[in-house]
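Asker: Here you go, one structure.
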Amino acid sequence: MKKTPSPDFEYEDDERDQTLIYRHITRNPELRSHSARHHLMGGFNRRVLMLAASRRVIREITHSPDDKPIGVYRATDLAIQLNAYYLNICGALDNLAWATQYEWDLMPGISETSKGRQKVGLFTSAFVSALRQSRPQVADALAVHGDWYTDLRDLRDPGAHRVPLFAIPGI
């Protein structure tokens, strides 16, 4: 018997994604920095769409019949999507950090091509410190998610050369 994903769960994912993208599109003119707009529209929003596409494929593959393994090729397709999902989550967070840096100039003189660029990250100590000085409420809102981010990076740092995530085809 084939499992089917909950339509409500998929609907909630789609609603969240559309809300994020819509917010950036409608508020885009409020941003002063062209580079901030580029990271939100060309970076973050595109990653939201790629994450949604990965979730659709992951659901389709993982909701295979219980009595059959998915096979090595489908497991490889799943592994590709899992790795892409992870990298796009990390990339989306980086896009948000760079949009914030460019819009609010939290760390003056730092750009993607300058020394110190590794300090720009939503959860790096230098960035959080600069954010706390400039926008303490935003820093507080991010701090709530610090443990989640640490777990995410500890689990699988995309900059590390590790064995990729892989799904077992069947047992």
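Asker: Calculated from the structure, mean projected area of the Cα convex hull in nm² equals which of (i) 11.8; (ii) 16.2; (iii) 10.5?
Answerer: (i)
Asker: Can you pull the accessible area of residue 67 for me, 1.4 Å probe, Å² to the nearest 10?
Answerer: Estimated to the nearest 10 Å², residue 67 gives 120 Å².
Asker: When the helices in the chain are scored as -39500 (n - 2.57) per DSSP H run of 4 or longer and the sum is shared across all residues, what 222 nm value do you end up with, to the nearest 500 deg cm²/dmol?
Answerer: Working: 7 runs with 104 residues, N = 171.
When only DSSP H runs of four or more count, the value is -20000 deg cm²/dmol.
Asker: Next question, about the same structure. Could you compute how much accessible surface residue 30 exposes when probed at 1.4 Å, giving the result in Å² to the nearest 10?
Answerer: 110 Å²
Asker: Could you state how much accessible area residue 85 has, in square angstrom rounded to the nearest 10, with a 1.4 Å probe and all protein chains kept in place?
Answerer: 60 Å²
Asker: Around residue 103, with a cut-off of 12 angstrom between Cβ atoms, what is the net charge of the other residues, counting Lys and Arg +1 and Asp and Glu -1?
Answerer: +2
Asker: Related question: Which percent of the accessible area of the chain is formed by carbon and sulfur heavy atoms (probe 1.4 angstrom)? Display every interim value, and only then the final one.
Answerer: Details: 6360 of 11110 Å².
Carbon-and-sulfur percentage of accessible area, whole number: 57.
Asker: Considering only protein heavy atoms, what per residue accessible area in square angstrom results for segment 51-157 with a 1.4 angstrom probe?
Answerer: Details: 6080 Å² over 107 residues.
On a per-residue basis, 57 Å².
The values are calculated or read from the model by the stated rules, or taken from the named source; none is laboratory data. This one's a predicted model, so the numbers in the text were calculated from it and none came from an experiment. Cβ sites come from the backbone with ideal geometry, for glycine too, and all protein chains shown count toward neighbours. Accessible surface areas use protein heavy atoms only, side chains included; no ligands, DNA or RNA. Shrake-Rupley method; radii C 1.70, N 1.55, O 1.52, S 1.80 Å.
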